[in-house]
Amino acid sequence: MKEKMKEETTICKYKWFWAWQDDKEEAWLTQMSQEGLHLASLGFPGFYFFTAGEPTNYVYRLDFVTDSKDYQNYLQLFKDAGWEHMGHMGGWQYFRTLAGEGELPEIYSDTDSKIQKYRRLLAYLAIFLPIMIVVISGGRVAPFFVGVQVVCAVFLIVYIFAVVKLFGRVRELKQV
Amino acid sequence: MELPGNLVKYLPLTETTAYILLALTEPLHGYAIMQKVEIMSEGTVKVGAGTMYGALSTLEKEGLIVKVDEQERRKIYTLTTKGRQIIQAHIHRSAILVRNGQGL
């Protein structure tokens, strides 16, 4: 457990990253720590809480895991390997560790396992597709419901874009 | 060395998988495997925590390793007979490769 000083101030920042921009998010969090703002916790999607301190060479890595029954074993393995769990947002798990000399610490040491991370995310997203289709194709029972359908249709467009982008990342990784 | 037909699909193993199976000739938990692999491979193979977690789940699901114990949220695994047959066959194949490369 990390020790926190009493007078630490918490700073909330908003920044949006799409699901396929996890490496950009990692780089941003790493950059923030180099400027002395260290991730403390996560709020609603897009909201990050930082504590101010000395610039530190933390490296942040994001994993995607939704398996709750094995979650404690999962966290223990990362802890043993030197990763501090900073919290999660949905299935996204935020880890950090101190960067030593030489190569950057990674949670995935090969391409196959990194592809698996995006496959898990895609499998998770697949759950929402039938829900959206049912809502959008449902009968127009009330004016309120039409509004829900419009919102859902907008989500569907973003959703399709996200899935295409994520498959793109998997393809990119396969070419390495 | 003859491997039962249904096990041939596992070969060749990736270097990471081969080392994980080799490490599990004794019961170990995830992080202990990571350390042992790094030492056995003389630093040539380092397994990340995410990669290790995924590999253990997959290998357990495929019946190549089995959980024998759990201590303080650490699952301890060891090789199954199936896992042993597969790593033996992989080592046999690798030895042929090494012999071919010795004159280089």
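What to note about this one:
- Number of residues in segment A:64-96 that are in contact (Cβ under 8 Å) with a residue 24 or more places away in the chain, out of contact with any strand residue (DSSP E or B) (no Cβ under 6 Å at 6 or more places or on another chain) and polar (S, T, N, Q): the value is 1.
- Checked against the criterion of being out of contact with any Lys or Arg (no Cβ under 6 Å at 6 or more places or on another chain), modelled with pLDDT under 95 and more than 28 Å from residue B:73 (Cβ to Cβ), segment A:20-33 has at least one qualifying residue.
- Among residues of segment B:50-76 that are within 23 Å of residue A:110 (Cβ to Cβ), those with a beta-carbon under 8 Å from a residue that is assigned to a strand (DSSP E or B) and polar (S, T, N, Q) at least six positions away or on a different chain give the pairs B:65/B:78.
- Just one of the listed residues (B:49, B:95, B:55) is more than 10 Å from the chain's Cα centre (by Cα), of a type outside the set (S, T, N, Q) and at the interface with chain A (Cβ under 9 Å from one of its Cβ atoms), namely B:49.
- Count - residues of segment A:97-117 that are touching a strand residue (DSSP E or B) at 6+ places or on another chain (Cβ under 7 Å) and more than 10 Å from every other protein chain (Cβ to nearest Cβ): 3
- Restricted to helices (runs of 4 or more DSSP H) entirely inside segment A:19-128, those with at least 2 residues that are more than 26 Å from residue A:165 (Cα to Cα) are A:22-34, A:71-80.
- The residue of segment B:74-95 that is surrounded by the most Cβ atoms within 10 Å (Cβ to Cβ), among those that are in a helix (DSSP H, G or I) and among the hydrophobic types (A, V, I, L, M, F, W, C), is B:86.
- Residue B:3 vs. criteria over 24 Å from residue A:120 (Cβ atoms) and within 10 Å of the chain's Cα centre (by Cα): no
- Of all residues assigned to segment B:32-45, none qualifies as being in a loop (DSSP other than H, G, I, E, B), more than 20 Å from residue A:78 (Cβ to Cβ), more than 12 Å from every other protein chain (Cβ to nearest Cβ) and in contact with a helix residue (DSSP H, G or I) (Cβ under 8 Å, 6 or more places away or on another chain).
- When residue B:79 is tested against (1) over 12 Å from the mean Cα position of the chain (by Cα); (2) away from every other protein chain (no Cβ under 14 Å); (3) modelled with pLDDT of 95 or more, exactly one condition is not met: (1).
- Top-ranked residue in segment B:47-73 [being surrounded by fewer than 17 Cβ atoms within 10 Å (Cβ to Cβ) and in contact with a helix residue (DSSP H, G or I) (Cβ under 6 Å, 6 or more places away or on another chain); ranked as nearest to residue A:102 (Cα to Cα)]: B:73
- Residue match in segment A:27-41 (condition: over 30 Å from residue B:71 (Cβ atoms), within 14 Å of chain B (Cβ to nearest Cβ), under 15 Å from the mean Cα position of the chain (by Cα) and among the hydroxyl-bearing types (Ser, Thr, Tyr)): no
- Considering residues of segment A:45-83 that are under 22 Å from residue A:118 (Cβ atoms) and of a type in the set (A, V, I, L, M) only, the residue surrounded by the most Cβ atoms within 10 Å (Cβ to Cβ): A:77
The values are calculated or read from the model by the stated rules, or taken from the named source; none is laboratory data. All values reported here derive from a predicted model rather than from experimental measurement. Neighbour counts are summed over all protein chains in view; Cβ atoms, including those assigned to glycine, are modelled from backbone coordinates with ideal geometry.
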